[in-house]
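Peer 1: Take a look at this one; I'll ask things after.
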Amino acid sequence: MLFTIDPESCARDGLCAAVCPLGCIEWESGGLPAPHDRKSAYCIQCGHCVAVCPHGALRLDHFDEGQVPLDRSLKPTAQQVEQLLRGRRSMRAFKPEPPDREQVARLLDLTQYAPSGHNARPVGWVVAPDAAAVRRVAEAVVTWMRAEVEAETPLAEALHLAGLVRAFDAGVDLICRDAPMLAVAHVPARGITPMEDGVIAVTYLELAAAGAGLGACWCGYLCAAARHDPAVLRLLGVPEGHALGGALMLGRPARRFAAAPPRPKADISWL
Ligand SMILES: Cc1cc2nc3c(=O)[nH]c(=O)nc-3n(C[C@H](O)[C@H](O)[C@H](O)COP(=O)(O)O)c2cc1C
């Protein structure tokens, strides 16, 4: 079966059928909802049918749990959301002690709530959990950079790789910023929208980290290295056929921002 209805609590209001994006639920006024003969095969397990029911009457058979309660009294105000979005900054200075692994695992679990094409949620994570592991990743990136510099590639010039390598050799890590943790998202090379899903998941993690008081910063040089050098993917243990979706340095912030920086207004045309 696709889902189970508790006939005692079902109000026969058809909300579950109305909210299903793929029309998988059949419902006639006053009746119990039922899986659609043909379309139920299209179910993407988004769980909207579960979440919309005010009575918790529907469970998707795919999952062990039903509704996940939301405490409405904790709903952030528009101002609080704005504060989070304006106040998040890329953090490039970290305290040496890595963040708590359980806390980070919880933040990574939250990324399962990020939107993804067809709700495919194709993102997997590799976490370098301490400064030594992050250092090994940075070294692999520098190995790739060195080769690009020696070959005098256009990319080496465009990304100023020579300077980054020189700094690294002089003890300044501009690649991973001496972060004590690194979360790397990987996605299957083929799929519905894997690259978008990876970027969105990393963005969810970045915002969740900001909300939890952790510092985070995209590790763009790692992403570039992984696109060009399979050795980087191998070091990370990224599964065969997967590509990097994004990477985030993580740690307890060693700096505070007193305010938000200026930003121009959005470039909008109303069609
Ligand atoms: C795809 C991507 C790659 C990035 N790569 C790096 C990076 O390698 N190193 C770094 O210090 N910042 C990196 N950043 C952070 C940007 O520089 C930063 O988001 C931008 O300057 C705006 O600052 P803010 O995030 O504090 O608002 C990256 C950001 C994105 C979205």
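Coordinate-derived values only; no laboratory data. What you see is a predicted model; the values in this text were computed from it and never measured. Positions of Cβ are generated from backbone atoms using ideal geometry, with glycine treated the same way; all protein chains shown enter the neighbour counts.
Peer 1: Report the extension gain between Arg72 and Ala266 in nm, rounded to one decimal, defined as 0.36 nm multiplied by the number of residues separating them, less their alpha carbon distance.
Peer 2: 66.7 nm
Peer 1: If you split all Cα-Cα distances of the chain into 5 Å bins from zero, what percentages do you get per bin, shortest first?
Peer 2: Once binned at 5 Å, the Cα pair distances of the chain give 1, 5, 10, 12, 13, 14, 12, 10, 8, 6, 4, 2, 1, 1, 0.
Peer 1: Which trypsin sites (Lys or Arg not before Pro) does region 214-262 hold that lie in a coil by DSSP with at most 16 other beta carbons within 10 Å?
Peer 2: Passing both the DSSP loop test and the Cβ count: Arg255, Arg256.
Peer 1: Within a 10 angstrom radius of the beta carbon, how do Trp144, Trp270 rank from fewest other beta carbons to most?
Peer 2: Result, fewest neighbours first: Trp270, Trp144.
Peer 1: Using helices alone, what [θ] at 222 nm do you get for the chain, with -39,500 (n - 2.57) per DSSP H run of 4 or more residues, divided over all residues and rounded to the nearest 500?
Peer 2: -10500 deg cm²/dmol
Peer 1: Rounded if a/c is under 1.5, else prolate if a/b beats b/c, else oblate: with a ≥ b ≥ c from the C-alpha gyration tensor eigenvalues square-rooted, which is region 62-114?
Peer 2: In terms of gyration-tensor shape, oblate.
Peer 1: Would you calculate the separation in nanometres between label points at Val52 and Ala212, each defined as 7 Å from the Cα along the Cα-to-beta-carbon direction?
Peer 2: 3.2
Peer 1: With helices defined as uninterrupted DSSP H runs, which ones in the chain have an alpha carbon span along their own long axis of at least 18 Å and mean Kyte-Doolittle hydropathy of at least -1.0?
Peer 2: Qualifying helices, which must be both long enough and hydrophobic enough, are 131-150, 194-211.
Peer 1: What ³J(HN,Hα) values, in whole Hz, does the Karplus curve 6.51 cos²θ - 1.76 cosθ + 1.60 give for region 172-185 when θ = phi - 60°, with x put for Gly and Pro?
Peer 2: Those phi angles translate into 10, 8, 8, 8, 10, 6, 6, 5, x, 7, 9, 10, 10, 9 Hz.
Peer 1: Here is a further query. List Thr77, Thr193 from most exposed to least, where exposure is judged by having the fewest other Cβ atoms within 10 Å.
Peer 2: Lowest count first: Thr77, Thr193.
Peer 1: Multiplying the sequence separation of Asp130 and Ala105 by 0.36 nm and subtracting their Cα-Cα distance, what value in nm do you get?
Peer 2: Taking 0.36 nm per residue and subtracting the Cα distance, the gain is 7.6 nm.
Peer 1: For region 194-271, what D do you get in µm² per second when you plug the Kirkwood radius from alpha-carbon pairs into Stokes-Einstein at 25 °C and 0.890 mPa s?
Peer 2: Result for D is 164 µm²/s.
Peer 1: Would you mind checking which residues have amide H under 5 Å from Cys219's amide H? H placed 1.01 Å from N; only 5 or more apart, or other chain.
Peer 2: Result for Cys219 returns Ala247, Leu248, Met249.
Peer 1: Take the alpha-carbon centre of region 100-122, take the same for region 155-186, and report the distance between them in whole Å.
Peer 2: 26
Peer 1: Relative contact order for region 89-251 using alpha-carbon pairs under 8 Å, separation at least 6, rounded to a whole percent?
Peer 2: 36
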